[in-house]
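Quick note: the coordinates plus some simple rules give every number you see, no bench work behind them. Quick caveat: nothing in here was measured; it's all calculated off a predicted structure.
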Amino acid sequence: MKIELISDDILKKESNIYIKGIKLVNKVRLDYATDKHSSFLVDHDGKIHNVMYFSEKNDMKRWQCDCKWYTLHDKICSHIIAVNLALRDKKIVGV
């Protein structure tokens, strides 16, 4: 499955969240991947967050996270940013 990364312009829109995402890049790992979706785990100060990518969904709903920020604001969170940056920099194996 090809994962469509979020553009840098959108990722950098929320600068504080973007900086938090940069700090989490090395704490991202692939949980599993199928032909329609992938699951990533992000260790954020000992709490593991699940970021999902759904290839069959449209636009920003392709990326979802189980964190409180994403749930309350329905916006890109630092965990989604971290996964996108890790994928862009090829720090995740198996995808």
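The table that follows gives values for the structure above.
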quantity: Note, ³J(HN,Hα) from phi for the stretch 40-47, Karplus 6.51, -1.76, 1.60, rounded to Hz, x at Gly and Pro; calculated: 10, 10, 10, 8, 10, 6, x, 9
quantity: log10 of Debye I(q)/I(0), alpha-carbon scatterers only, for the stretch 28-75 at 0.19, 0.30, 0.32 Å⁻¹; calculated: -0.62, -1.13, -1.17
quantity: Additional length obtainable on full extension of the chain from LYS13 to LYS91, 0.36 nm per residue less Cα span; calculated: 25.8 nm
quantity: Answer label for semi-axes √(5λ) of the Cα gyration tensor in Å (calculated), chosen among (i) 30, 17, 12; (ii) 25, 16, 11; (iii) 18, 15, 13; calculated: (iii)
quantity: Contact order relative to length of the stretch 28-75, as percent, for alpha carbon pairs under 8 angstrom and 6 or more apart; calculated: 24
quantity: Relative contact order of the chain, defined on C-alpha pairs under 8 angstrom at six or more residues apart (%); calculated: 32
